[in-house]
Amino acid sequence: MRKLFLVLLAGLLFLVIPSMHLSHAISLASRESFPPVLMYHDIKSVPVNGFDVSLEDFKKQLDWLQQEGYTTLSAEEFAACIKNRQAFPEKSILITFDDGYQGIYTYAAPELAKRNMKAVFFLIPGDFDTALKDYPYVTKKQVLELAANPNFSMCSHTMTHPNLETSSPAVIKEEVTKSKKVLEDLTGRPCDLLAYPCGNYNKGILAAVKEAGYTAVFAVNDRGMLEEAARFSIPRIYMGTIMGKNNMKLFKYSVEHYKEMPKEAFAERYKFFKKK
Ligand SMILES: [Zn+2]
């Protein structure tokens, strides 16, 4: 009888101990697992639209992050933490830029490099060497120059920036798989992360990015996805003059409160924080 008790006890410990160990690893099931993620678009000397950030404000934001002891992560470092189910470094932050406008090459990259800070650029390979009014995109040559710096990661924002929610499954697959391959072939580095165009996604799109082999994918709003889906729908802090001019108070508040920000704060962009 005693022997049976010991066998049962050993069995119980066998079951309990590994789960105790696992509880120290990150679960990745919610936003609290991730470091704050900033979403920039263009940096301009004089902002034109709500999603531009002036060079002057950008410098202040980087200086503050540095003074406060934040550690910026590269895409490779961010992906490695997820792949290894390892906690992110204390006080880490991910700086991201969408669309690949010229300002990332002219203003953002030099300011980041001066401070030895890392960033992720979500690029649209189909738009390289082209221009929107007031918003020329980076050239292939500039992308190669940026990618030569290990602190800068060239990741996917799809091939042509369509609205994936209204695209066919075949188009979604092509957009997410081709952009990954084109960027990896061009830079010789992994493209583990993607940002959904305009932050739009649904269950089918989520399955497609997972299937394409991305480690984590970024949205804009927080739709409260849980479990496996959380890392394929990470919400980001929308940066831009939309925050109000020179609004350092708002910037600091949103970085410091990313993990506990209510969902509406992302959906309503900065309306929520304007009250703070
Ligand atoms: Zn975009």
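Each value in this text was obtained by applying a stated rule to the coordinates, not by laboratory testing. In this text, all values refer to a predicted model and were calculated from it rather than measured experimentally. Neighbour counts run over all protein chains shown; Cβ positions are idealised from the backbone, glycine included.
With the cut-off at 1.5 for a/c, could you classify region 27-261 from its C-alpha gyration tensor as rounded, prolate or oblate? In terms of gyration-tensor shape, rounded.
Would you calculate a helix-derived [θ] at 222 nm for the chain, using -39,500 (n - 2.57) for each DSSP H run of n ≥ 4 and dividing by the full residue count, to the nearest 500?
-11000 deg cm²/dmol
A protection proxy built from the mean count of other Cβ atoms within 10 Å ranks the segments 195-201, 105-111, 256-262, most packed first, as 195-201, 105-111, 256-262.
Can you tell me the length gained on complete extension of the stretch Glu260 to Asp63, counting 0.36 nm per residue apart and subtracting the Cα distance?
Numbers: separation 197, 0.36 × 197 = 70.92 nm, distance 2.39 nm.
Result: 68.5 nm gained on full extension.
For Arg223 and Arg85, a Förster radius of 22 Å and the Cβ-Cβ distance give a FRET efficiency of 0.45, rounded to the nearest 0.05. Computed packing ranks the peptides 153-160, 113-120 as 153-160, 113-120, most packed first, by mean other Cβ atoms within 10 Å.
Taking 0.36 nm per residue of separation and subtracting the current Cα-Cα distance, fully stretching the chain between Glu32 and Asp129 would add 31.1 nm. By other beta-carbon atoms within 10 Å, ranking Ser45, Ser233 with the fewest at the front produces Ser45, Ser233.
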